[in-house]
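Novice: Below: one structure in structure tokens.
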Amino acid sequence: MSPNWTTPAAAALRADGLRVADLDTSATPGFTGDKAAGQQLLAERTVVLSALQEKLYANGRSGDHRNVLLVLQGMDTAGKGGIVRHVIGSVDPQGVDHASFGVPTPEEQRHHYLWRIRKALPRGGQLGVFDRSHYEDVLVVRVHDLVPPAEWEPRYDEINEFERELVAEGTTIVKVAMFVSLDEQKKRLRERLQRPEKYWKFNPSDIDERAFWPQYQAAYQAMLDRTSTERAPWHVIPSDRKWYSRLAVTELLIDALTALDLHWPAAQFDVAEQLKRLETA
Ligand code: ADP
């Protein structure tokens, strides 16, 4: 581990007991280095992540059913897209299964909220990424009363059960909740409005959502309190510093992949014999 990590990211970012309202979103838990050190380490760790992911993919091709699912949640501008682009973007896209979840389509609305989630689950060997997820159904849905409390309330337990099944079937779930301060969000939204190349990221409703900040904080708090389990814990990432959030998520993924104790799949053929055949072919 780099000497700049005084506590491994997985331990430093565990959600247990954390109060969202008290979170310092500009902090860099567990990491003592500055931006330059963080960026340099990120470049190094990305190489490690990429090699592990290739091994996961290789094993999947050889029949291993295990996979890793990164679940990204965060308010607008928290940096989910940056994680996808800069962290996931550094690994072989063949092994990545990316899904994003927006306002449910009419078809999705006719089904149970986990229907579209189940359809998007990664297969063996894949690194799945959920850019937003089933947690929207206890976040935006709760904040805006999109269904009555009697309907969203049981979802926490249902989600825990759903994730228990996923883990039992061989999925390692890495749950990441990204938080920026209200000021930092304003800065990022302003940037989206000042740069034509960022207009596409802007949605006028993002400004309306700012008025619901306390309600979102409460909904995120309930999510962390009720769905951070031993088998699928939440990690809370202070995300005002993009370099830190990217480094932290990279470390969490490296951790998850390392725990799978992956090896290169053994040859399903006689190597010496095939070499000999090749020479005379
Ligand atoms: P992003 O904002 O992540 O770039 P979009 O512009 O597609 O992506 O926005 C996704 C929107 O869909 C968010 O406002 C989110 O709250 C909303 N959304 C996601 N899931 C649900 C859901 N189950 N019910 C209602 N709204 C949802």
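No value in this document is a laboratory result; all are computed from the given coordinates. If you're wondering where the values come from, they're calculated on a predicted model, not measured in any experiment. Cβ sites come from the backbone with ideal geometry, for glycine too, and all protein chains shown count toward neighbours.
Novice: Among the trypsin sites (Lys or Arg not before Pro) within region 168-275, which fall in a DSSP loop and have no more than 13 other Cβ atoms within 10 Å of their own Cβ?
Specialist: R231
Novice: Right, here's the next one. For n ≥ 4 DSSP H runs only, could you compute -39500 (n - 2.57) per run for the chain, divide by its residues and tell me the 222 nm figure to the nearest 500?
Specialist: Computed ellipticity for the chain at 222 nm equals -13500 deg cm²/dmol.
Novice: Tell me the net charge near I254. Cut-off is 14 Å between Cβ atoms, I254 excluded, with +1 for each Lys or Arg and -1 for each Asp or Glu.
Specialist: -2
Novice: Something else about it: Could you work out the relative contact order of the chain? I mean the mean sequence separation of Cα pairs under 8 Å and 6+ apart, divided by the number of residues, in percent.
Specialist: 33 percent
Novice: Among bridges DSSP assigns within the chain, what percent are antiparallel (round to 5)?
Specialist: In the chain, DSSP labels about 10 percent of beta bridges as antiparallel.
Novice: Here's something else I'd like to know. Which net charge results for the neighbourhood of D240, defined as the other residues with beta-carbon distances under 13 angstrom from its beta-carbon, given Lys and Arg at +1 and Asp and Glu at -1?
Specialist: Surrounding charge for D240 is +4.
Novice: State to the nearest 20 debye the size of the charge dipole of region 165-281 about its Cα centre, where the only charges are +1 on K and R beta carbons and -1 on D and E beta carbons.
Specialist: My answer is approximately 760 debye.
Novice: Continuing with the same structure: Any idea what the dipole of the chain comes to, in debye rounded to 20, about its Cα centre with Lys/Arg Cβ at +1 and Asp/Glu Cβ at -1?
Specialist: Approximately 780 debye in magnitude.
Novice: Within the chain, which DSSP H helices have Cα atoms that stretch 30 Å or more along the helix axis and a mean Kyte-Doolittle hydropathy of at least -0.5?
Specialist: 35-61
Novice: For the peptides 113-122, 254-263, what is the packing order when you average, over each peptide's residues, the other Cβ atoms within 10 Å and list the highest mean first?
Specialist: 113-122, 254-263
Novice: Separate question: Would you grab the residues whose amide H sits under 5 Å from the one on Q126? Only those 5+ places off in sequence or on another chain, please, with H modelled 1.01 Å from N.
Specialist: Hits under the 5 Å cutoff: V68.
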